[in-house]
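Here's the structure we're looking at; comments come further down.
What follows draws every value from the coordinates through simple rules; no lab data is involved. Since we're looking at a predicted model, the values are computed, not measured. Methodologically, a virtual Cβ is constructed for each residue, glycine included, from the backbone with ideal geometry; neighbour enumeration extends over all protein chains shown.
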Amino acid sequence: MQSDRFNFADYWQSFVSFIDRHTGLWLIALSALFMLLGFWQDGINLDSTTYSVIARNVSEQNNWFTLHYTAYYHQHFAEHPPLVMWAQSIIFSALGASDTTSRIFSALCTIGSVGLAYAILRDTISKHAGVVSGLVLLLTYNFMQGGNATLLDYPMSFFILLALFAVVQMSNEEEITARSALLAGTGLGLAFLSKGVVAGPVWGGIALYIFLCKREWLLKRRFWVMPAMAILLVAFYLLGDYFFADGYFLRNYFFVQLQERFVDTAPDAGTVWYQFTLRMFELYLPFIIVLPFGCYLILKRRIVLLYPTLCTLLLYWLIYSRAPQLYYHYFAPMYALSAPVAGVALSLLLKKWDMNKIVAGLSVVWILLAVGVTVADVRIHFLRSPEIYSLTDQMTIFLQTRNGQDGVMVRRGTPEWDTIAKTSWYWRSDLKSVHTIEEAVMILAVDSNIVYILVPKQEALSEDQVDRFELDIVANNDHVTVYSR
């Protein structure tokens with residue numbers, strides 16, 4: 001028995017020593033394990049469906065600058081820049097388009113964010129603080145869970161952290177190197193190309209840091225590599241948009257984002273900074289209670305290298321709290337930026353603890369949880385597209401027996417882009433949109449490619465109408481009904 005206990009202790013110490021030597025990689029491995037838990041499960045986020053079908057159109061049509069909501073009938077997409085959809089389309093070309101492959105890019109960015117949260121504090125304070133920072137983000141459930149969907153916020157968060165990490169490298173160097181300046185500029189440029197003006201606070205945070213603490217950088221030639229690289233990446237896309245898409249994105253994007261979202265549209269009741277903070281707390285960031293202490297320590301101890309992160313966090317807090325709506329994924333950059341700040345406070349509180357043993361113990365729990373979830377087939381990702389997805393098998397069989405493929409949706413108001421994109425993704429079927437059932441029936445009669453009519457449940461036809469228009473019910477659920485002749 002004594003020998004067994006000794007061997008166990010010996011193995012445990014070897015495990016702890018391994019984590020000490022490869023802490024960053026181990027945190028990334030734990031993050032990857034969490035990402036893998038949901039990869040075999042069907043169903044992706046509502047917005048994810050739109051981005052995924054746009055990416056599939058890009059890969060199938062090889063048209064990189066004219067992005068469409070769906071393949072045929074609907075307007076160009078200019079709500080966000082295309083970087084995430086470009087990355088998805090490359091993955092689709094290599095591995096095929098599916099719910100699983102649609103998640104890969106966002107999942108990789110989420111995993112990388114944990115590594116960067118670790119690296120930022122490792123290079124500014126200590127390895128101990130870096131471990132705490134990485135753990136904070138790893139244990140922020142909403143960030144990790146949301147990163148396994150196809151959303152723009154998680155790649156943007158990764159590139160924001162990449163830019164801030166590179167600025168830390170620039171600050172640590174006696175002379176700015178072209179490598180660190182290029183890395184910072186790449187992070188800034190790709191953050192914008194991930195979600196556009198929403199990435200603006202990191203540009204502002206870094207600019208504020210330079211104005212307050214690093215004005216001498218403005219006199220150094222290599223510093224200008226950073227803004228040049230960022231602007232070059234954005235300019236590359238805008239020039240491509242101008243030459244290949246007649247400047248559609250440039251004409252439509254900035255007005256919509258700045259004018260309609262932040263000027264013309266008043267925030268919902270309660271979406272002011274304190275409600276924003278409460279919502280952030282409700283979405284599984286228990287570490288928010290130490291954020292004020294972390295901010296205080298950064299300023300009190302003049303941890304100048306973290307000023308860009310702190311400035312960016314505060315700018316996001318101010319700007320996002322005035323957003324018209326607060327969806328859960330809007331908080332992704334807040335979580336990513338909060339991890340180093342919370343890490344500063346927690347590393348001080350835990351400075352006498354052996355963080356390698358904490359990480360080792362957490363690793364055992366994490367791995368056992370992963371095995372248990374896999375064996376028990378517990379669903380990590382709840383289906384968020386039930387109105388369309390639940391009819392996919394029926395519609396696949398139906399469409400296989402028809403010469404046409406597409407349908408027409410009856411919608412009295414503006415088109416439901418979510419529904420249109422989801423049919424295009426799950427059913428491989430595009431939708432025209434009309435206001436009345438009479439229009440839909442006329443199109444069904446004359447257009448051979450249109451083979452069904454989709455009606456939201458609240459506008460479902462009566463039995464008399466079904467008989468009068470000589471329609472049959474193909475499929476239905478609690479959300480929609482599908483008719484055909």
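Tabulated data for the structure shown
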item	result
Kirkwood Rh (inverse of mean 1/r, distinct Cα pairs), segment 24-162, angstrom	15.7 Å
Mean projected area in nm² (Cα convex hull; one quarter of hull surface) for segment 140-229	6.2 nm²
Mean projection area, nm², convex hull over Cα of segment 111-261	10.5 nm²
Amide H within-cut-off set for residue 411, under 5 Å, with H built and near neighbours excluded	434, 435, 436
Part-to-part distance (alpha-carbon centres) for segment 151-192 and segment 352-368, which is given in Å	30 Å
Relative packing of peptides 441-450, 401-410 - highest average C-beta neighbours within 10 Å first	401-410, 441-450
Cα-based convex hull volume of segment 386-484 per residue, rounded to whole Å³	85 Å³
Exposure proxy order (Cβ contacts within 10 Å, fewest to most) of 365, 198	365, 198
Diffusion constant of segment 160-205 at 25 °C, which comes from Stokes-Einstein with the Kirkwood Cα-pair radius and 0.890 mPa s, µm²/s	233 µm²/s
Whole-Hz couplings from phi, Karplus 6.51/-1.76/1.60, listed for segment 441-453; x for Gly and Pro	5, 5, 5, 4, 7, 10, 9, 5, 7, 8, 10, 8, 10
Distance violations [Cα-Cα > 25 Å] among 432/457; 195/300; 127/300; 214/300; 220/300	195/300; 220/300
Ranked by how many other beta carbons lie within 10 Å on average, peptides 19-27, 53-61, 97-105 from highest	53-61, 97-105, 19-27
Residue-by-residue Karplus 3J(HN,Hα) for segment 27-35, coefficients 6.51, -1.76, 1.60, Hz, glycine and proline x	4, 5, 5, 5, 5, 4, 4, 4, 4
Residue order, fewest to most surrounding Cβ atoms within 10 angstrom, among 287, 244, 143	244, 287, 143
Computed magnitude of the charge dipole of segment 95-240 (debye, nearest 20; Cβ of K, R +1, Cβ of D, E -1)	180 debye
Rg over Rh, two decimals, segment 9-376 (C-alpha only, Kirkwood Rh)	0.97
Nearest-0.05 FRET efficiency for residue 418 and residue 327, computed from C-beta distance (R0 22 Å)	0.95
